[in-house]
Amino acid sequence: VLVESLLVFIIVLSVHVVVWDRFSWCTVALAVQAFYVQFKWDRLLQLGGAVFQFRGAANSGLLPTSMVIPLLGVVMKERCRAAGIVYFERFGIVVASTGMLLALFLSILAVGITKPVPTNTCILTGIAGSIIIYTMKHSLTVSEVIEVLEVLLIFVYLSMILLYLLPRCFTPGEALLVLGGVSFVLNQLIKRSLNVIEGRGDPIDFFLLVAVVGVVLLGLFFTVLFIFLDSGTWISSMFFHMMTAVLGLGVIMPWLYRLIQRNPLFWLLQFLFQTQTRLYLLVYWTFLAASACGVVFYQNAKRSSESKKHQASTITRKYFHFIVVATYVPGLIYDRQLLYVAAVLCLAVFIFLEYIRYFRIKPFGQTLRHLLSLFLDERDSGPLILTHIYLLLGMSLPVWLFPRSCAPKGTLPGAGALVPYSGVLAVGVGDTIASVFGSTMGEIKWPGTKKTFEGTMTAIFAQIIAVALILIFDSNVNLNSSYAWILASVSLVSLLEAYTTQIDNLLLPLYLQIMLMA
């Protein structure tokens, strides 16, 4: 925990030195108080006094996850300020303020339920909170303050509902990151739906917002419904499919139509088949998807023939990382907009299939349970299987969060040109190579972890090679001699991978994106 915290502090201070404004000072104050509150959360988890049931075999992760959204907002603000895009500069300020307020709320919650009340931690939290609120008071407009408070309100209600319905699926830090992100997306969708201006906004951004909110609301609806019904019967299954069609065609499609001002299905088909390059990419991705399914069926066939083999090995699970890298790299080089939309569609399909598995919806629910049980690891301790969804999110978030409007030629200068590749580098290359080499050849373990020195070093080396290959094959990438910063960023994130107990597929790409954008 101490080494993980040290690495996060180094990242926060690195961003602070580059940005050096009132918001970067706020992130430093937030990091200091989160460090102390993290130990209170860890103690609550050990004693079972944390109100909800959180994922075991991991610490609370409050410090590393608390800093992600504020740092993303700060570096986005700086990039858009440099580009002269005032609207998105203000948007970055709102993102940073929202992240800080959500982290403060989680800290106050931990301090409030800790007995006896930790005096020193209370004082630190009060000082950090005062600094952040004072900064927000002098930086945000009234409408922006209302927007931040709306996200906090959505987060509180969403947390109470989902953490109750889905025990042991998240650590407190992961809940902050995932539910905070969903709350922000929901608030953005409501805001944009109430202020639709024809021709303003990119349809692919609206598509992402509607898809994320749509699948979350669908899950909440069926979770509440199946409290009163047995979801495993044919009648319930038919009702599930019928209501999915009704909600999709009767709510989600009209909602998207209102935002993009055209038929969503026609727009999507026209978008997907607009050029020959897109057609080639879709055929190639279909082949890779079939290959991934083939791996799942083959491994399950092996399990049937070898009664002793109950779980897939680490190397077997990393096959999917290689397939995902092979999926994303051509999309990033040839057509990032298509990759953006395809990733949204894939996320919606993954979550919908998880609903079918979780609710045992006929005819595929029980089959999915059997097929996917082979690939479970210690992080899938709750009722949901989320690791494959986290892998997709980790690869996609750098693409979705890339500030296109603040990139004049479709790419950022210097190390920022590698921002869309953050998921590929951190998870697809770094995490995969570290796991494979560490589990097969690693002998020297990092103190207090199961990760090895050899795995981390090979991960750093592999990512440097990957950066060199990106430079060769992607003509849009121009690093402008920022090689030392890239090496430092890759090294810090690889060390963080060795020490964090949070979901690395989600956390590492975001930290690498923050460093590269800074």
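Computed from the coordinates by the stated procedures, all read-outs in this text should not be read as laboratory data. What you see is a predicted model, and the numbers here were worked out from it, not measured in a lab. Heads up, the Cβs are rebuilt from the backbone with ideal geometry, glycines too, and the neighbour counts pull from every protein chain shown.
Of note:
- Of all lysines in the structure, the ones whose alpha carbon falls short of 20 Å from that of Lys450, not counting any fewer than 8 places away in one chain, are Lys318.
- Hydrophobic long helices, here whole DSSP H runs in the chain with Kyte-Doolittle means of at least 1.0 and Cα atoms spread over 15 Å or more along the helix axis, are found at 2-19, 86-113, 119-137, 142-165, 203-228, 234-247, 336-358, 387-400, 453-473, 483-499, 504-517.
- FRET efficiency, Lys115 to Phe9 (Cβ-Cβ, R0 30 Å, nearest 0.05): 0.55
- Kirkwood hydrodynamic radius (C-alpha pairs) into Stokes-Einstein, region 407-518, 20 °C and 1.002 mPa s, D in µm²/s: 152 µm²/s
- Taking the chain and dividing mean pair separation by its residue count, relative contact order in percent (alpha carbons under 8 Å, at least six apart): 18 percent
- For Lys77, the lysines whose Cα falls under 30 Å of its own Cα, not counting residues fewer than eight places away in the same chain, are Lys137, Lys191, Lys409.
- Ranked packing of 44-50, 211-217, 65-71, 112-118, most packed first, by mean Cβ within 10 Å: 65-71, 211-217, 44-50, 112-118
- Label corresponding to semi-axes √(5λ) of the Cα gyration tensor in Å when calculated from the structure given, among [x] 40, 25, 23; [y] 43, 31, 22; [z] 31, 28, 27: [z]
- Measuring from each cysteine beta-carbon in the chain, the ones with no other cysteine beta-carbon under 4.7 angstrom are Cys26, Cys122, Cys169, Cys293, Cys346.
- Sites Tyr164 and Ile133, calculated FRET efficiency, Cβ-Cβ separation with R0 25 Å, nearest 0.05: 0.25
- In this simple spin-label approximation, Arg336 and Ser439 carry label points 7 Å from Cα along the Cα→Cβ vector, and these lie 3.3 nm apart.
- The trypsin sites (Lys or Arg not before Pro) found in region 185-260 that occupy coil by DSSP, while having at most 12 further C-beta atoms within 10 Å, are Arg200.
- Between Ile465 and Phe228, the simple label model (points 7 Å from Cα in the Cβ direction) yields a spacing of 5.9 nm.
- Dipole moment magnitude, nearest 20 debye, the chain about Cα centre, only Lys, Arg, Asp, Glu C-beta charged: 520 debye
- Isotropic mean projected area of the C-alpha convex hull, region 1-196 (nm²): 11.2 nm²
- Loop-exposed GluC sites (Glu not before Pro) per DSSP, neighbour cap 14 Cβ within 10 angstrom, longest uninterrupted part of the chain: 1-197
- When exposed loop sites are taken as chymotrypsin sites (Phe, Trp or Tyr not before Pro) in a DSSP loop with at most 14 other Cβ atoms within 10 Å, the longest stretch of the chain clear of them is 21-272.
- Label-to-label distance, Lys302 versus Leu268, with points set 7 angstrom from Cα along the beta-carbon direction: 3.5 nm.
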